[in-house]
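Structure, as structure tokens:
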Amino acid sequence: MKIKFLGAATSVTGSCYLITTKTHKFIIDCGLYQGNKTIESQNREEFGFDPATIDFMILSHAHIDHSGRIPLLVKKGFKGKIYCTNATADLVDIMLKDSGYIQEREAQWDNKKAQRLARPLVEPLYTMEDATRALKQIEPYLYEQNIQIDDSIKFRFRDAGHILGSAIVEIWVEEDGKVNKLVFSGDLGMKNKPILNDPVYIEEADYLIMEATYGNRKHETIEESLEEFINIIVKTIKRGGTVVIPSFAVGRTQELIYQLNMYYEHNDEFKEILEKIKVYIDSPLAISATEIFRRNAQDFDEETRNYILSGDNPLDFKNLVFVRESKDSKELNFNNEPKIIIASSGMAEAGRIKHHLKHHLWKDTSSVVIVGYQAAGTLGRSLVEGIKDVYIFGDKIKIKAEVYSLEGFSGHADKDGLFEWISSFKTFPKKVFLVHGEDESKIAFAERIKAELNHVVQVINEVSEFDLATDEGEPADIIVEKKARCKDIIRLRHKLEKIQSDFDSVVNNANVVLDKGIKQDRFEEIGNMIIDLEDTMINLGTTVTKNE
């Protein structure tokens, strides 16, 4: 059996792993790369395998960084089944169609600029029609249900506690009369979170592919973040401001609705203040996802099911307003009443949230609350890191709003949660591969496993393939060498991110100038400069990625 690490190897996004046995080739996940232009340019690269040769696919959960390239996979010739949980099938239906719409819209926007600059037009990565076609290959199953491909391969889904339907995957592969068990952790959730069950512990595996998103960081508790969250709301409302929350449409938004419901209906201390303000869910995708959550109560934890049985709807309350229409979304920014706006996207890179940030980041009465993971190169990451001004839709915005990051709302287990999960194995796997994390995170987690469990694990930091029948593992001193090399790469990457930020500012300003109209020769000169700069940035980013 061979494992090829193709996505979420050098970053957190783009999850994709190719498994080759003597009888089958299949992939686990097929996600979009998300972040800056350099990172997202990887979405148009070849898969690293011929999609037509893949027998089937296993999807761990619906988030776009795990599912978002499925329509492209099918477009390129994949004809096999896509196995996932029932709730994942429901969620991925709306998410891939939404992603197809976004791909079409972004291609239209890019082509408007391309025509101005006499550049070649681009095709969307895929369309809504491509997404709809791909969804026909989805085959959903229950948690704990054994799925038999044939005599040589079977697998099952276990609850990962990350989002609705998210799964740990246990796979049994028989080759030459011997059965090996491969476990893919998927994205592991935090314990004791509302709505969802805790991640299931796995007792044994021969090989483990494990995420390490927060392998070097400890979250606040949900109780600490919730208390701070309510205090931020009360403080902002009292000064007449708006609380703006970039939130992932699936997972974080529903948890925020649940927590706000508890305060709006069951907390007398804040009820008088909170009942005067409205909470706007400004995301058609989040609204559809919330409806799917309501239909999948069988996957909720016991506490949430008890609320439902008592007659309470934990995903609804009096002052909750769902905003579907674009015109209603725009009107929110001309409504000066104190309010809470929760909008997609979670990393503030696209969608309605950018309009709300443009209207509120410059106001010292407003607050912005970050509640999820922010990939390198995203607007959300820049806000968390304390940037003083940003360019949004070509306008420079000086940040006066208060910006908060509440990691207690994260859907990912922190370093202690990850360590507790891997420590639960009664027999430690023969080989552990760490993926889905930035270099600092993966290496720190590997060092902890070595120090406290006395096991050396493989840190994946490049596209690579391992033959499990012949590979004997990586010497302990390699981790130390990688750590030293990693520090140099990290410095280079941070420098690249700063250059990319400056570059984006130049392009935004140039586009503003172009829109105002200038002489044709100067128009072409600026256009060519932008083309050359963008090509240089992508090439530089590719160089950094290869060095990683």
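The values are calculated or read from the model by the stated rules, or taken from the named source; none is laboratory data. Please read all numbers here as calculations on a predicted model, not as lab measurements. Here the Cβ positions follow ideal geometry from the backbone for every residue, glycine too, while neighbour counts run over all protein chains shown.
If you check Lys22 against the conditions, is it basic (Lys, Arg), surrounded by fewer than 20 Cβ atoms within 10 Å (Cβ to Cβ) and part of a loop (DSSP other than H, G, I, E, B)?
The answer is yes for Lys22.
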Those residues that are in a strand (DSSP E or B), under 16 Å from Asp29 (Cα atoms) and of a type in the set (A, V, I, L, M), I need them from the range 121-172; list them, please.
Ile138, Ala167, Ile168, Val169, Ile171
From the residues in the range 298-313 that are surrounded by 15 or more Cβ atoms within 10 Å (Cβ to Cβ) and closer than 21 Å to Pro199 by Cβ, which one is farthest from the chain's Cα centre (by Cα)?
Arg305
Considering the range 29-53 alone, what residues qualify as being more than 18 Å from Glu462 (Cβ to Cβ), aliphatic (A, V, I, L, M) and surrounded by 22 or more Cβ atoms within 10 Å (Cβ to Cβ)?
Leu32
Output the number of the condition that Asn231 fails; it satisfies all remaining conditions of (1) over 29 Å from Ile171 (Cα atoms); (2) out of contact with any helix residue (DSSP H, G or I) (no Cβ under 7 Å at 6 or more places or on another chain); (3) surrounded by 15 or more Cβ atoms within 10 Å (Cβ to Cβ).
(3)
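Of the residues Glu447, Glu420, Glu452, Glu407, only one is charged (D, E, K, R), at negative phi and either touching a Lys or Arg at 6+ places or on another chain (Cβ under 6 Å) or modelled with pLDDT under 95 (or both); which? First the steps, then the outcome.
Numbers: Glu447 fails: either touching a Lys or Arg at 6+ places or on another chain (Cβ under 6 Å) or modelled with pLDDT under 95 (or both); Glu420 fails: either touching a Lys or Arg at 6+ places or on another chain (Cβ under 6 Å) or modelled with pLDDT under 95 (or both); Glu452 fails: either touching a Lys or Arg at 6+ places or on another chain (Cβ under 6 Å) or modelled with pLDDT under 95 (or both).
Among Glu447, Glu420, Glu452, Glu407, only Glu407 is charged (D, E, K, R), at negative phi and either touching a Lys or Arg at 6+ places or on another chain (Cβ under 6 Å) or modelled with pLDDT under 95 (or both).
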When you scan the range 173-290 for strands (runs of 3 or more DSSP E) that lie fully inside it, which ones turn up with 3 or more residues that are free of Cβ contacts under 8 Å to residues at least 40 places away in the same chain?
178-184
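Inside the range 408-444, can you point out the residues that are under 21 Å from Thr13 (Cβ atoms) and touching a helix residue (DSSP H, G or I) at 6+ places or on another chain (Cβ under 7 Å)?
Phe409, Gly411, Ala413, Lys415, Leu418, Leu434, Asp439, Glu440, Ile443
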Name the residue, out of Leu164, Leu188, that is at pLDDT below 95, in contact with a Leu (Cβ under 7 Å, 6 or more places away or on another chain) and under 19 Å from Asp65 (Cβ atoms).
Leu164
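Have a look at Ile308, Ile353 and point out the one that is assigned to a helix (DSSP H, G or I), of a type in the set (A, V, I, L, M, F, W, C) and over 24 Å from Leu379 (Cβ atoms). First the steps, then the outcome.
Values: Ile353 fails: over 24 Å from Leu379 (Cβ atoms).
Result: Ile308 is the single residue among Ile308, Ile353 that is assigned to a helix (DSSP H, G or I), of a type in the set (A, V, I, L, M, F, W, C) and over 24 Å from Leu379 (Cβ atoms).
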Any hit, the range 118-129, residues being modelled with pLDDT under 95, buried (at least 23 other Cβ atoms within 10 Å of the Cβ) and outside the structural domain of Thr253 (by TED's automatic domain parsing)
no
I'd like the full set of residues that are surrounded by 20 or more Cβ atoms within 10 Å (Cβ to Cβ), under 24 Å from the mean Cα position of the chain (by Cα) and of a type outside the set (Gly, Ala, Ser), limited to the range 316-344.
Val323, Ile340, Ile341, Ile342
